[in-house]
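Engineer: One structure, pasted below without further comment.
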Amino acid sequence: MTEERLSSLLDHFPRVRVAVIGDVFLDRYLDCDQRLTEVSLETGLDAYQVVRVRPYPGAAGTVVSNLSALKVGHIVVIGVIGDDGEGYELKRGLEGLGADTRYLIQTDQVMTPTYTKPLLFAENGSVRELNRLDIRNRGPLPVDLEERILAAAERALKEVDGVIVADQVPERNWGVMTDRVRGWLEEWANDHPDKICYADSRKRIGDYRNFIIKPNRYEAAAAIDPHYQGDVSLDDAIRFGWLLHERTGKVVFLTVAEKGILVFADKRGWHIPGVPVSGPLDITGAGDSVTAGIVPSLCLGADPVEAGFIGNLVASITIQQIGVTGTASPESVKEQFARFRGQLTVREIAP
């Protein structure tokens, strides 16, 4: 990757049109000042005092946040949220990012999935994350909502260059990406080879066909061997990446934490090393920032290694942002490349 090539791709991100389909959550951070902590008269427990509430789009919304920060030109969101206060906050947040929410279904049949994250700020400046509170729907997605998602996807995907699937909910058929919706998208991807079709899934990445996929090393291990336990070394990840590439026949981007990204394409493999960042790190949403760098690059004709390289740079910036949904601007990506380019030698890996 040269500085000129990186700039050329990033500078053309505003031309790209992307749809993000999947599970859109609200991330609600509660900043608590430890100095103000009271003791509840009723329970005798600490009552933490919230001094600031910070809502952000999460899950698929984190992908949208990162695409927006990278100045991708048109971002369409397809999903389901509740007709509730959390849904109002979430939709307002997405629209504030410039996202097109015409295909975001809002209904009283579901709750808006919400991760509430209390953070306790001490007088010495340290921050401690308290127990998270999760709101999620605890049953299968209603069939009529499935129908509405498919109808929305059929209309929306005509307008875009690429499709990003964000499959967050762990229980099968409880989130937007039901078996039926995934099957429809796989057929659509097969019928539209000119489109970039890309999937990220916490629990079912091995089920996706006709899609470029982006597992982390543990997701890749589970996709190949559901009974696999223990750590996944770089060598293990390489082995699982080759097997996934053979199975799908599509590009595989396999993230390996601080070791970077493995790329498998056209029966060849490459290791893009991790950017050697230091200091406090927050890996929440790192995979989503990788996605936001990869997909627009592919839409502009970048080869998989170039796209993975950009995704790697983006994630190295977002993980240095603590207590917030990290994002990276095109300018910060260029600066990161200039800072570390001599340390980012891509090597080819043998099958």
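The values are calculated or read from the model by the stated rules, or taken from the named source; none is laboratory data. In this text, all values refer to a predicted model and were calculated from it rather than measured experimentally. Heads up, the Cβs are rebuilt from the backbone with ideal geometry, glycines too, and the neighbour counts pull from every protein chain shown.
Engineer: Which ones in the range 183-195 are surrounded by fewer than 21 Cβ atoms within 10 Å (Cβ to Cβ) and either in a helix (DSSP H, G or I) or among the small types (G, A, S) (or both)? Outline the logic, then answer.
Structural biologist: The initial filter retains those residues of the range 183-195 that are surrounded by fewer than 21 Cβ atoms within 10 Å (Cβ to Cβ), namely 183-184, 186-188, 190-195.
Once the filter is applied, which keeps residues that are surrounded by fewer than 21 Cβ atoms within 10 Å (Cβ to Cβ) and either in a helix (DSSP H, G or I) or among the small types (G, A, S) (or both), the range 183-195 yields G183, W184, E186, E187, W188, N190, D191.
Engineer: Restricting the range 88-128 to residues that are without any contact (Cβ under 8 Å) to a residue 60 or more places away in the chain and assigned to a strand (DSSP E or B), which is farthest from G73 (Cα to Cα)?
Structural biologist: R128
Engineer: Do any residues in the range 167-190 that are of a type in the set (S, T, Y) have Cβ atoms under 6 Å from those of residues that are surrounded by fewer than 21 Cβ atoms within 10 Å (Cβ to Cβ), where the two are at least six apart or on different chains, and which pairs are they?
Structural biologist: Short answer, once both residue conditions are applied: T178/E146.
Engineer: Just to be sure I understand the filter: pairs with C-beta atoms under 6 Å, separated by 6 or more residues or on different chains, first member in the range 330-351 and farther than 16 Å from P276 by Cα and at pLDDT below 95, second member not in a loop (DSSP other than H, G, I, E, B) and not charged (D, E, K, R). Which pairs pass?
Structural biologist: Matching pairs, first to second residue: P351/W242.
Engineer: Further question on the same structure: Output the number of residues of the range 57-87 satisfying the condition of being surrounded by fewer than 24 Cβ atoms within 10 Å (Cβ to Cβ) and in a strand (DSSP E or B).
Structural biologist: 2
Engineer: Quick one: how many residues across the range 306-336 are of a type in the set (S, T, N, Q) and assigned to a helix (DSSP H, G or I)?
Structural biologist: Initial filter on the range 306-336 (of a type in the set (S, T, N, Q)): 312, 316, 318, 320-321, 325, 327, 329, 332, 336.
With assigned to a helix (DSSP H, G or I) added as a condition, the list becomes 312, 316, 318, 332, 336.
Matching residues across the range 306-336 total 5.
Engineer: Out of all the residues in the range 249-265, which are in contact (Cβ under 8 Å) with a residue 12 or more places away in the chain and surrounded by fewer than 19 Cβ atoms within 10 Å (Cβ to Cβ)?
Structural biologist: Result: A257, E258, K259, A265.
Engineer: Next question. Do you know which residues across the range 1-35 are in contact with a Gly (Cβ under 7 Å, 6 or more places away or on another chain), charged (D, E, K, R), under 30 Å from F337 (Cβ atoms) and outside any strand (DSSP E or B)?
Structural biologist: R15 - this is the single residue of the range 1-35 that is in contact with a Gly (Cβ under 7 Å, 6 or more places away or on another chain), charged (D, E, K, R), under 30 Å from F337 (Cβ atoms) and outside any strand (DSSP E or B).
Engineer: Which one of these does I261 not meet: (1) of a type in the set (A, V, I, L, M); (2) in contact with a strand residue (DSSP E or B) (Cβ under 9 Å, 6 or more places away or on another chain); (3) closer than 20 Å to A69 by Cα?
Structural biologist: (3) is the only condition that I261 fails.
Engineer: Using the structure shown, decide if T114 is crowded, with 21+ Cβ neighbours inside 10 Å and modelled with pLDDT of 95 or more.
Structural biologist: Yes, satisfied.
Engineer: Moving on to the next point. Checking D83 against (1) more than 24 Å from P330 (Cβ to Cβ); (2) touching a Pro at 6+ places or on another chain (Cβ under 9 Å), only one condition comes out false. Which one?
Structural biologist: (2)
Engineer: State whether the residues of the range 307-322 include one that is touching a residue at least 60 places away in the same chain (Cβ under 8 Å) and in contact with a Lys or Arg (Cβ under 7 Å, 6 or more places away or on another chain).
Structural biologist: No, the range 307-322 contains no residue that is touching a residue at least 60 places away in the same chain (Cβ under 8 Å) and in contact with a Lys or Arg (Cβ under 7 Å, 6 or more places away or on another chain).
Engineer: Just one of D100, D108, D167 is under 18 Å from I81 (Cα atoms), touching a His at 6+ places or on another chain (Cβ under 9 Å) and of a type outside the set (S, T, Y); which is it? So that I can check it myself, show each step before the final result.
Structural biologist: On the way: D108 fails: touching a His at 6+ places or on another chain (Cβ under 9 Å); D167 fails: touching a His at 6+ places or on another chain (Cβ under 9 Å).
Sole residue among the options that is under 18 Å from I81 (Cα atoms), touching a His at 6+ places or on another chain (Cβ under 9 Å) and of a type outside the set (S, T, Y): D100.
Engineer: If I ask for residues that are surrounded by 13 or more Cβ atoms within 10 Å (Cβ to Cβ) and farther than 11 Å from L185 by Cβ, which ones from the range 141-154 would you list?
Structural biologist: Pass one, the range 141-154, residues surrounded by 13 or more Cβ atoms within 10 Å (Cβ to Cβ): 141-142, 145-146, 148-150, 152-153.
The answer is L141, P142, L145, E146, R148, A152.
Engineer: Which residue is surrounded by the fewest Cβ atoms within 10 Å (Cβ to Cβ), if the candidates are limited to the range 155-175 and must be among the aliphatic types (A, V, I, L, M) and in contact with an Asp or Glu (Cβ under 7 Å, 6 or more places away or on another chain)?
Structural biologist: Ranking the candidates gives V169 first.
Engineer: Quick check: anything in the range 129-145 part of a loop (DSSP other than H, G, I, E, B) and β-branched (V, I, T)?
Structural biologist: Just the residues of the range 129-145 that are part of a loop (DSSP other than H, G, I, E, B), to begin with: 130-132, 136-142.
Now drop any that are not β-branched (V, I, T), which leaves none.
No, the range 129-145 contains no residue that is part of a loop (DSSP other than H, G, I, E, B) and β-branched (V, I, T).
Engineer: Here's something else I'd like to know. Determine which single condition R180 fails, assuming it passes every other condition in (1) among the charged types (D, E, K, R); (2) in a helix (DSSP H, G or I); (3) within 22 Å of D100 (Cα to Cα).
Structural biologist: Here R180 clears every test but (3).
Engineer: So which of E159, E186 is of a type in the set (D, E, K, R) and more than 24 Å from F13 (Cα to Cα)?
Structural biologist: Working: E159 fails: more than 24 Å from F13 (Cα to Cα).
Matching residue, one of E159, E186: E186.
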